[in-house]
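Notes to accompany the following structure.
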Amino acid sequence: MIPERARRVSLAWAAGALACSCSSQPSGTLLLVTPDGETDTFTRAPTPAVLRVDEVDPSGTTRTLATAQLPVSSMDLGSLDPSSVETLTVTGLDDGGARVLFGESIPLELGALDGATLPIFVQRTGELALLPKPLADARRAPTLAVWGRYLFVGGGADASLALNMQLYDFAALAPVASLPGLPRDPKSIAFVGSVAWLIDDSDGQATEYDLASNTWQTVSPPAGGAFADVAGGGTVVATDGTQYVVGATRTTGSKTATVLVFGSSGQPSWASLSAPRLGAAAAWVDGRGLVVAGGSATAAGVEVLAPGASAGTALQYAPDPSAGAGASVLPNQHVLLAGGTTPAGQDATVREIDPGCDTAGCSPAPWVALPLALASAATFARTGGGQPEALVVGNEPNGTTHVYRVTQATAAEVPTKQPHTDARAVVSPTGSVVVFGGASAIESYVP
(Lines give C-alpha, C1' and ligand atoms only; values in the text may rest on other atoms or scores of the structure.)
Protein backbone atom coordinates (compact mmCIF):
# COMPACT_ATOMS: atom_id res chain seq x y z
CA MET A 1 0.00 0.00 0.00
CA ILE A 2 1.37 3.43 -0.94
CA PRO A 3 1.96 5.68 2.09
CA GLU A 4 -0.35 8.67 2.36
CA ARG A 5 2.64 11.04 2.53
CA ALA A 6 3.72 10.40 -1.08
CA ARG A 7 1.59 8.68 -3.69
CA ARG A 8 3.22 7.59 -6.92
CA VAL A 9 1.19 7.67 -10.13
CA SER A 10 2.95 6.38 -13.25
CA LEU A 11 2.43 8.53 -16.33
CA ALA A 12 2.84 7.28 -19.88
CA TRP A 13 2.40 9.11 -23.17
CA ALA A 14 3.30 8.73 -26.81
CA ALA A 15 5.54 11.30 -28.52
CA GLY A 16 3.69 13.24 -31.22
CA ALA A 17 4.60 12.11 -34.74
CA LEU A 18 5.52 15.64 -35.79
CA ALA A 19 7.66 16.23 -32.76
CA CYS A 20 9.64 13.02 -32.48
CA SER A 21 10.52 10.13 -34.75
CA CYS A 22 11.81 7.94 -31.96
CA SER A 23 10.24 4.53 -31.56
CA SER A 24 10.23 4.30 -27.78
CA GLN A 25 7.52 5.90 -25.70
CA PRO A 26 8.71 8.44 -23.12
CA SER A 27 7.40 7.74 -19.64
CA GLY A 28 7.81 9.10 -16.17
CA THR A 29 6.50 9.00 -12.64
CA LEU A 30 4.34 11.64 -11.05
CA LEU A 31 4.94 11.81 -7.30
CA LEU A 32 1.95 13.30 -5.53
CA VAL A 33 3.41 14.85 -2.39
CA THR A 34 0.93 15.55 0.39
CA PRO A 35 1.40 18.15 3.16
CA ASP A 36 3.70 17.65 6.11
CA GLY A 37 1.82 16.37 9.13
CA GLU A 38 -1.25 15.19 7.20
CA THR A 39 -2.31 11.55 7.01
CA ASP A 40 -5.78 12.00 5.52
CA THR A 41 -5.35 14.26 2.49
CA PHE A 42 -6.99 11.69 0.20
CA THR A 43 -9.39 10.14 2.70
CA ARG A 44 -11.11 12.82 4.71
CA ALA A 45 -14.57 14.09 3.76
CA PRO A 46 -15.45 15.32 1.26
CA THR A 47 -13.49 12.43 -0.20
CA PRO A 48 -11.95 12.82 -3.66
CA ALA A 49 -13.40 10.21 -6.01
CA VAL A 50 -11.81 11.18 -9.33
CA LEU A 51 -8.24 12.23 -10.16
CA ARG A 52 -7.78 14.41 -13.24
CA VAL A 53 -4.52 15.46 -14.91
CA ASP A 54 -4.54 18.53 -17.18
CA GLU A 55 -1.91 20.37 -19.18
CA VAL A 56 -1.93 24.17 -19.40
CA ASP A 57 0.01 25.88 -22.18
CA PRO A 58 1.68 29.30 -21.83
CA SER A 59 -1.44 31.05 -23.19
CA GLY A 60 -3.57 29.54 -20.42
CA THR A 61 -5.38 27.00 -22.61
CA THR A 62 -6.19 23.86 -20.62
CA ARG A 63 -6.48 20.33 -22.01
CA THR A 64 -7.49 17.32 -19.96
CA LEU A 65 -5.02 14.48 -20.42
CA ALA A 66 -6.59 11.78 -18.27
CA THR A 67 -9.12 11.05 -15.56
CA ALA A 68 -9.35 8.02 -13.31
CA GLN A 69 -11.31 6.78 -10.33
CA LEU A 70 -9.38 6.85 -7.09
CA PRO A 71 -7.42 4.98 -5.86
CA VAL A 72 -5.18 4.83 -8.94
CA SER A 73 -1.56 3.85 -9.49
CA SER A 74 -1.12 4.56 -13.22
CA MET A 75 -2.63 6.83 -15.86
CA ASP A 76 -2.16 6.99 -19.63
CA LEU A 77 -1.83 10.61 -20.73
CA GLY A 78 -2.07 9.86 -24.44
CA SER A 79 -0.09 11.64 -27.15
CA LEU A 80 1.96 14.66 -26.06
CA ASP A 81 4.52 16.85 -27.77
CA PRO A 82 7.72 16.29 -25.76
CA SER A 83 9.20 19.57 -26.99
CA SER A 84 6.33 21.70 -25.67
CA VAL A 85 6.53 23.63 -22.42
CA GLU A 86 3.46 23.03 -20.29
CA THR A 87 2.22 23.13 -16.73
CA LEU A 88 0.69 19.95 -15.34
CA THR A 89 -2.15 20.21 -12.84
CA VAL A 90 -3.64 17.47 -10.69
CA THR A 91 -7.20 17.86 -9.46
CA GLY A 92 -9.18 15.67 -7.07
CA LEU A 93 -12.97 15.88 -7.51
CA ASP A 94 -15.60 14.61 -5.10
CA ASP A 95 -18.73 12.70 -6.13
CA GLY A 96 -20.48 15.98 -6.89
CA GLY A 97 -17.69 17.23 -9.16
CA ALA A 98 -16.37 19.82 -6.69
CA ARG A 99 -12.62 20.40 -6.51
CA VAL A 100 -11.33 19.21 -3.15
CA LEU A 101 -7.66 18.56 -4.03
CA PHE A 102 -5.31 20.49 -6.24
CA GLY A 103 -1.67 20.58 -7.21
CA GLU A 104 0.33 22.28 -9.96
CA SER A 105 3.81 21.86 -11.39
CA ILE A 106 6.16 24.56 -12.52
CA PRO A 107 6.24 25.07 -16.33
CA LEU A 108 8.32 22.27 -17.82
CA GLU A 109 9.36 20.69 -21.09
CA LEU A 110 7.41 17.45 -21.26
CA GLY A 111 10.22 15.58 -22.97
CA ALA A 112 12.42 16.19 -19.94
CA LEU A 113 10.14 13.91 -17.91
CA ASP A 114 11.27 10.79 -19.76
CA GLY A 115 12.49 8.43 -17.06
CA ALA A 116 12.19 11.11 -14.40
CA THR A 117 10.11 11.51 -11.26
CA LEU A 118 8.16 14.76 -11.04
CA PRO A 119 6.94 15.74 -7.57
CA ILE A 120 3.73 17.77 -7.41
CA PHE A 121 2.47 19.11 -4.10
CA VAL A 122 -1.21 18.20 -3.74
CA GLN A 123 -3.28 19.80 -0.99
CA ARG A 124 -6.85 20.22 0.16
CA THR A 125 -8.47 23.30 -1.31
CA GLY A 126 -9.69 26.19 0.82
CA GLU A 127 -7.19 25.61 3.62
CA LEU A 128 -3.54 26.08 4.46
CA ALA A 129 -1.08 23.22 4.16
CA LEU A 130 2.56 22.77 5.16
CA LEU A 131 5.01 22.43 2.29
CA PRO A 132 7.56 19.63 2.81
CA LYS A 133 10.98 20.35 4.30
CA PRO A 134 10.83 23.69 6.18
CA LEU A 135 13.44 26.41 5.87
CA ALA A 136 16.47 26.79 8.13
CA ASP A 137 15.22 29.72 10.22
CA ALA A 138 12.02 31.36 11.37
CA ARG A 139 12.86 35.02 10.72
CA ARG A 140 10.13 37.60 11.20
CA ALA A 141 9.11 40.14 8.55
CA PRO A 142 11.14 38.55 5.73
CA THR A 143 11.53 40.05 2.28
CA LEU A 144 9.94 37.55 -0.11
CA ALA A 145 10.14 37.37 -3.89
CA VAL A 146 9.79 34.81 -6.66
CA TRP A 147 12.71 34.03 -8.96
CA GLY A 148 11.76 31.48 -11.60
CA ARG A 149 10.95 28.26 -9.78
CA TYR A 150 12.28 29.54 -6.45
CA LEU A 151 10.86 31.40 -3.49
CA PHE A 152 13.52 33.89 -2.37
CA VAL A 153 13.80 34.74 1.33
CA GLY A 154 16.10 37.45 2.66
CA GLY A 155 16.16 40.39 5.03
CA GLY A 156 13.80 40.39 7.97
CA ALA A 157 13.56 41.92 11.42
CA ASP A 158 16.56 40.03 12.86
CA ALA A 159 19.75 41.71 11.66
CA SER A 160 21.76 38.54 12.38
CA LEU A 161 19.72 36.69 9.74
CA ALA A 162 19.16 39.45 7.19
CA LEU A 163 22.08 38.46 4.94
CA ASN A 164 21.25 34.74 5.09
CA MET A 165 19.59 33.98 1.76
CA GLN A 166 17.19 31.08 1.49
CA LEU A 167 15.69 29.61 -1.68
CA TYR A 168 12.84 27.12 -1.73
CA ASP A 169 12.73 25.08 -4.94
CA PHE A 170 9.18 24.40 -6.14
CA ALA A 171 10.47 21.83 -8.65
CA ALA A 172 12.16 19.70 -5.98
CA LEU A 173 9.82 20.79 -3.15
CA ALA A 174 12.81 21.41 -0.91
CA PRO A 175 15.13 24.23 0.19
CA VAL A 176 18.35 24.76 -1.75
CA ALA A 177 21.34 23.79 0.38
CA SER A 178 24.63 25.60 1.00
CA LEU A 179 23.76 29.04 -0.28
CA PRO A 180 26.15 32.01 -0.05
CA GLY A 181 25.36 35.06 2.02
CA LEU A 182 23.82 38.17 0.51
CA PRO A 183 25.99 41.25 -0.08
CA ARG A 184 23.22 43.61 1.10
CA ASP A 185 20.16 43.44 3.36
CA PRO A 186 17.24 43.48 0.89
CA LYS A 187 14.70 45.87 2.35
CA SER A 188 13.22 45.84 -1.18
CA ILE A 189 14.01 43.62 -4.13
CA ALA A 190 13.37 43.36 -7.86
CA PHE A 191 14.53 40.55 -10.14
CA VAL A 192 15.80 41.27 -13.66
CA GLY A 193 16.47 37.82 -15.07
CA SER A 194 18.85 36.15 -12.64
CA VAL A 195 19.96 39.51 -11.23
CA ALA A 196 18.42 40.64 -7.96
CA TRP A 197 18.45 44.34 -7.24
CA LEU A 198 18.98 44.53 -3.48
CA ILE A 199 17.86 47.86 -2.10
CA ASP A 200 18.29 49.33 1.37
CA ASP A 201 18.74 52.77 2.93
CA SER A 202 22.23 52.33 4.36
CA ASP A 203 24.70 54.03 2.03
CA GLY A 204 22.86 55.58 -0.91
CA GLN A 205 23.64 52.65 -3.21
CA ALA A 206 22.13 49.31 -4.20
CA THR A 207 23.59 45.96 -5.23
CA GLU A 208 23.08 44.02 -8.44
CA TYR A 209 23.47 40.43 -7.34
CA ASP A 210 23.53 37.68 -9.97
CA LEU A 211 22.25 34.56 -8.22
CA ALA A 212 23.19 32.32 -11.14
CA SER A 213 26.89 33.20 -10.95
CA ASN A 214 27.12 34.44 -7.34
CA THR A 215 28.64 37.73 -8.46
CA TRP A 216 27.60 41.25 -7.64
CA GLN A 217 28.40 44.90 -8.11
CA THR A 218 27.46 48.03 -6.20
CA VAL A 219 25.49 50.56 -8.24
CA SER A 220 24.62 54.22 -7.77
CA PRO A 221 21.06 55.44 -8.29
CA PRO A 222 20.00 56.93 -11.61
CA ALA A 223 19.71 60.70 -11.62
CA GLY A 224 16.61 62.15 -10.02
CA GLY A 225 16.02 59.91 -7.02
CA ALA A 226 17.48 58.04 -4.05
CA PHE A 227 17.27 54.37 -3.16
CA ALA A 228 16.45 55.34 0.43
CA ASP A 229 13.16 56.80 -0.81
CA VAL A 230 11.90 53.37 -1.92
CA ALA A 231 13.70 51.05 0.53
CA GLY A 232 11.13 48.97 2.40
CA GLY A 233 8.53 49.36 -0.32
CA GLY A 234 6.88 46.42 -2.05
CA THR A 235 7.40 45.49 -5.69
CA VAL A 236 4.41 45.41 -8.07
CA VAL A 237 4.83 43.59 -11.38
CA ALA A 238 2.85 44.74 -14.43
CA THR A 239 1.46 42.32 -17.01
CA ASP A 240 4.26 43.19 -19.43
CA GLY A 241 6.91 42.48 -16.79
CA THR A 242 7.64 46.09 -15.82
CA GLN A 243 8.39 46.27 -12.09
CA TYR A 244 7.54 49.10 -9.73
CA VAL A 245 9.24 49.36 -6.33
CA VAL A 246 6.71 51.56 -4.55
CA GLY A 247 8.26 53.34 -1.59
CA ALA A 248 4.86 54.58 -0.42
CA THR A 249 3.83 51.03 0.54
CA ARG A 250 6.38 50.78 3.35
CA THR A 251 4.84 51.02 6.80
CA THR A 252 7.83 52.49 8.67
CA GLY A 253 10.11 55.44 8.01
CA SER A 254 9.15 58.65 6.25
CA LYS A 255 6.44 59.34 3.71
CA THR A 256 7.57 59.14 0.11
CA ALA A 257 6.20 59.64 -3.38
CA THR A 258 9.13 57.92 -5.12
CA VAL A 259 8.72 54.87 -7.37
CA LEU A 260 11.64 52.93 -8.88
CA VAL A 261 10.73 51.47 -12.27
CA PHE A 262 12.41 48.56 -14.05
CA GLY A 263 11.22 48.44 -17.66
CA SER A 264 11.95 46.03 -20.49
CA SER A 265 15.59 47.12 -20.66
CA GLY A 266 16.13 46.10 -17.06
CA GLN A 267 17.63 49.50 -16.25
CA PRO A 268 15.99 51.52 -13.49
CA SER A 269 14.33 54.92 -13.77
CA TRP A 270 12.32 57.09 -11.42
CA ALA A 271 8.66 58.03 -11.28
CA SER A 272 6.72 59.98 -8.68
CA LEU A 273 3.28 59.74 -7.15
CA SER A 274 1.16 62.87 -6.87
CA ALA A 275 1.77 63.03 -3.10
CA PRO A 276 4.00 61.35 -0.51
CA ARG A 277 2.40 58.47 1.37
CA LEU A 278 3.25 55.96 4.10
CA GLY A 279 1.56 52.56 4.37
CA ALA A 280 -0.25 52.85 1.04
CA ALA A 281 -1.54 49.85 -0.94
CA ALA A 282 -0.64 49.27 -4.58
CA ALA A 283 -1.69 46.95 -7.40
CA TRP A 284 -1.40 46.77 -11.18
CA VAL A 285 -4.59 47.08 -13.28
CA ASP A 286 -4.43 46.40 -17.00
CA GLY A 287 -5.62 49.40 -18.99
CA ARG A 288 -5.04 51.73 -16.03
CA GLY A 289 -1.58 51.23 -14.61
CA LEU A 290 -0.20 51.24 -11.07
CA VAL A 291 -3.07 52.02 -8.70
CA VAL A 292 -2.05 53.38 -5.29
CA ALA A 293 -4.49 53.98 -2.44
CA GLY A 294 -4.41 55.20 1.14
CA GLY A 295 -1.43 56.22 3.21
CA SER A 296 -2.24 59.94 3.46
CA ALA A 297 -4.69 62.07 5.44
CA THR A 298 -4.49 64.94 2.95
CA ALA A 299 -3.86 63.53 -0.54
CA ALA A 300 -6.46 61.97 -2.80
CA GLY A 301 -7.49 58.53 -1.59
CA VAL A 302 -6.56 56.93 -4.92
CA GLU A 303 -4.13 57.77 -7.70
CA VAL A 304 -2.90 56.08 -10.86
CA LEU A 305 0.57 55.96 -12.40
CA ALA A 306 -0.17 55.16 -16.05
CA PRO A 307 2.10 52.86 -18.06
CA GLY A 308 5.20 54.78 -19.13
CA ALA A 309 4.24 57.86 -17.11
CA SER A 310 6.68 59.59 -14.81
CA ALA A 311 4.05 61.13 -12.51
CA GLY A 312 0.89 59.85 -10.88
CA THR A 313 -2.56 61.34 -11.40
CA ALA A 314 -4.82 61.87 -8.39
CA LEU A 315 -8.42 60.64 -8.70
CA GLN A 316 -11.41 62.25 -7.04
CA TYR A 317 -11.52 60.06 -3.96
CA ALA A 318 -11.55 61.54 -0.47
CA PRO A 319 -8.28 61.16 1.48
CA ASP A 320 -7.72 57.73 3.00
CA PRO A 321 -5.38 57.93 6.02
CA SER A 322 -5.35 54.17 6.62
CA ALA A 323 -1.99 52.38 6.53
CA GLY A 324 -0.92 48.81 5.93
CA ALA A 325 -3.69 47.52 3.67
CA GLY A 326 -3.08 45.01 0.90
CA ALA A 327 -4.39 45.53 -2.65
CA SER A 328 -5.34 43.08 -5.38
CA VAL A 329 -7.18 43.24 -8.70
CA LEU A 330 -10.68 41.78 -8.97
CA PRO A 331 -12.00 40.17 -12.16
CA ASN A 332 -13.98 43.37 -12.92
CA GLN A 333 -10.69 45.35 -12.95
CA HIS A 334 -11.57 47.04 -9.68
CA VAL A 335 -9.06 46.97 -6.81
CA LEU A 336 -9.83 45.30 -3.50
CA LEU A 337 -8.26 46.87 -0.40
CA ALA A 338 -8.19 44.77 2.76
CA GLY A 339 -6.58 45.10 6.15
CA GLY A 340 -4.65 48.09 7.36
CA THR A 341 -5.56 50.32 10.25
CA THR A 342 -7.05 53.76 10.74
CA PRO A 343 -5.09 56.45 12.64
CA ALA A 344 -7.04 55.31 15.72
CA GLY A 345 -5.73 51.76 15.29
CA GLN A 346 -9.03 50.28 14.13
CA ASP A 347 -9.65 47.94 11.20
CA ALA A 348 -9.81 49.90 7.94
CA THR A 349 -12.28 47.26 6.60
CA VAL A 350 -12.39 45.55 3.22
CA ARG A 351 -13.45 47.85 0.39
CA GLU A 352 -13.52 47.96 -3.41
CA ILE A 353 -12.38 50.89 -5.51
CA ASP A 354 -12.94 51.64 -9.16
CA PRO A 355 -9.76 53.14 -10.67
CA GLY A 356 -11.83 54.31 -13.63
CA CYS A 357 -13.89 56.67 -11.46
CA ASP A 358 -12.65 60.25 -11.64
CA THR A 359 -15.74 62.36 -11.01
CA ALA A 360 -16.95 64.09 -7.89
CA GLY A 361 -18.26 61.65 -5.34
CA CYS A 362 -16.04 58.65 -6.06
CA SER A 363 -15.93 56.46 -2.99
CA PRO A 364 -14.96 52.89 -2.10
CA ALA A 365 -17.70 50.25 -2.09
CA PRO A 366 -17.74 48.54 1.32
CA TRP A 367 -17.38 44.80 1.64
CA VAL A 368 -16.97 43.56 5.19
CA ALA A 369 -15.01 44.35 8.35
CA LEU A 370 -12.24 42.01 9.44
CA PRO A 371 -12.53 40.42 12.89
CA LEU A 372 -9.21 41.98 13.93
CA ALA A 373 -7.25 45.04 12.91
CA LEU A 374 -4.22 44.06 10.81
CA ALA A 375 -1.40 46.58 10.82
CA SER A 376 0.15 45.05 7.70
CA ALA A 377 -1.61 42.91 5.14
CA ALA A 378 -1.36 41.33 1.70
CA THR A 379 -4.47 40.68 -0.39
CA PHE A 380 -4.95 38.05 -3.09
CA ALA A 381 -8.19 38.25 -5.05
CA ARG A 382 -9.52 35.17 -6.79
CA THR A 383 -9.48 35.72 -10.52
CA GLY A 384 -11.98 33.17 -11.77
CA GLY A 385 -15.43 31.73 -11.12
CA GLY A 386 -18.17 32.31 -8.58
CA GLN A 387 -18.67 35.33 -6.39
CA PRO A 388 -15.69 37.64 -5.87
CA GLU A 389 -13.50 36.65 -2.96
CA ALA A 390 -9.98 37.09 -1.69
CA LEU A 391 -7.44 35.76 0.77
CA VAL A 392 -6.05 38.30 3.23
CA VAL A 393 -2.81 37.57 5.10
CA GLY A 394 -1.85 40.06 7.75
CA ASN A 395 -0.47 40.75 11.19
CA GLU A 396 -1.88 42.32 14.31
CA PRO A 397 0.13 45.23 15.73
CA ASN A 398 1.77 42.70 18.11
CA GLY A 399 2.88 40.63 15.11
CA THR A 400 0.44 37.72 15.37
CA THR A 401 -0.38 36.50 11.87
CA HIS A 402 -3.93 35.80 10.68
CA VAL A 403 -5.34 34.57 7.39
CA TYR A 404 -8.90 35.37 6.30
CA ARG A 405 -11.01 34.34 3.35
CA VAL A 406 -13.26 37.28 2.55
CA THR A 407 -16.31 37.81 0.37
CA GLN A 408 -18.48 40.90 0.12
CA ALA A 409 -20.39 39.82 3.23
CA THR A 410 -18.16 37.42 5.17
CA ALA A 411 -14.70 37.17 6.68
CA ALA A 412 -13.78 33.67 7.83
CA GLU A 413 -10.46 32.83 9.42
CA VAL A 414 -8.37 30.18 7.68
CA PRO A 415 -6.38 28.53 10.48
CA THR A 416 -2.63 28.27 10.00
CA LYS A 417 -1.05 24.90 10.67
CA GLN A 418 1.62 26.58 12.81
CA PRO A 419 1.61 29.94 14.62
CA HIS A 420 3.36 32.68 12.64
CA THR A 421 4.59 36.11 13.72
CA ASP A 422 5.10 39.00 11.28
CA ALA A 423 4.67 36.66 8.34
CA ARG A 424 4.63 37.79 4.73
CA ALA A 425 2.84 36.26 1.75
CA VAL A 426 3.37 36.06 -2.02
CA VAL A 427 2.10 34.05 -4.98
CA SER A 428 4.34 31.02 -5.43
CA PRO A 429 5.87 29.75 -8.71
CA THR A 430 3.00 27.25 -8.91
CA GLY A 431 0.24 29.82 -8.36
CA SER A 432 -0.61 29.11 -4.73
CA VAL A 433 -0.42 31.76 -2.01
CA VAL A 434 2.44 30.96 0.35
CA VAL A 435 2.94 32.31 3.88
CA PHE A 436 6.30 32.49 5.63
CA GLY A 437 7.65 34.31 8.67
CA GLY A 438 7.93 33.75 12.41
CA ALA A 439 8.01 29.97 11.83
CA SER A 440 10.31 27.84 9.70
CA ALA A 441 7.43 26.24 7.84
CA ILE A 442 6.05 27.55 4.56
CA GLU A 443 2.27 27.28 4.31
CA SER A 444 0.42 27.05 1.00
CA TYR A 445 -3.17 27.93 0.07
CA VAL A 446 -5.22 27.20 -3.03
CA PRO A 447 -8.92 28.17 -3.33
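The values are calculated or read from the model by the stated rules, or taken from the named source; none is laboratory data. No experiment lies behind these values; they were computed from the predicted model shown. Cβ: placed from backbone, ideal geometry, glycine included. Neighbour counts: every protein chain shown.
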Could you identify the single residue in A177, A206 that is surrounded by 14 or more Cβ atoms within 10 Å (Cβ to Cβ) and among the hydrophobic types (A, V, I, L, M, F, W, C)? A206
Tally up the residues in the range 185-208 that are within 17 Å of F262 (Cβ to Cβ) and over 23 Å from the mean Cα position of the chain (by Cα), please. 3
Specify which of the listed residues (L372, L315, L336) is surrounded by fewer than 21 Cβ atoms within 10 Å (Cβ to Cβ), aliphatic (A, V, I, L, M) and at pLDDT 95 or above. L372
State whether one or more residues within the range 172-192 are within 24 Å of M75 (Cβ to Cβ) and in contact (Cβ under 8 Å) with a residue 24 or more places away in the chain. yes
From the list T67, T143, T117, T43, which one is among the hydroxyl-bearing types (S, T, Y), crowded, with 20+ Cβ neighbours inside 10 Å and over 23 Å from R382 (Cβ atoms)? T143
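Among the candidates T401, T430, single out the residue that is closer than 22 Å to A283 by Cβ, of a type in the set (S, T, Y) and in a strand (DSSP E or B).
Working: T430 fails: in a strand (DSSP E or B).
The conditions single out T401.
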Sole residue being out of contact with any Ser or Thr (no Cβ under 9 Å at 6 or more places or on another chain), assigned to a strand (DSSP E or B) and surrounded by 18 or more Cβ atoms within 10 Å (Cβ to Cβ), chosen from L167, L198: L167
Filter the range 375-388 down to the residues that are at pLDDT below 95 and within 16 Å of the chain's Cα centre (by Cα), then identify the one that is nearest to G438 (Cα to Cα). R382
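Are any residues in the range 405-422 under 18 Å from P331 (Cα atoms) and assigned to a loop (DSSP other than H, G, I, E, B), and if so, which ones?
Going through the range 405-422, the residues under 18 Å from P331 (Cα atoms) turn out to be 405-409.
Listed by number, the residues that qualify are T407, Q408, A409.
With the condition kept exactly as written, say whether any residue in the range 84-97 is crowded, with 18+ Cβ neighbours inside 10 Å, over 20 Å from Y150 (Cα atoms) and charged (D, E, K, R).
Of all residues in the range 84-97, those crowded, with 18+ Cβ neighbours inside 10 Å come to 86-93.
Next, from what is left, pick out any that are over 20 Å from Y150 (Cα atoms): 90-93.
Within this subset, residues satisfying the condition of being charged (D, E, K, R) are none.
Taking every residue of the range 84-97 in turn, none turns out to be crowded, with 18+ Cβ neighbours inside 10 Å, over 20 Å from Y150 (Cα atoms) and charged (D, E, K, R).
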Please state which of the following conditions A231 fails to meet, knowing it meets all the rest: (1) under 22 Å from the mean Cα position of the chain (by Cα); (2) in a strand (DSSP E or B); (3) of a type in the set (A, V, I, L, M, F, W, C). (2)
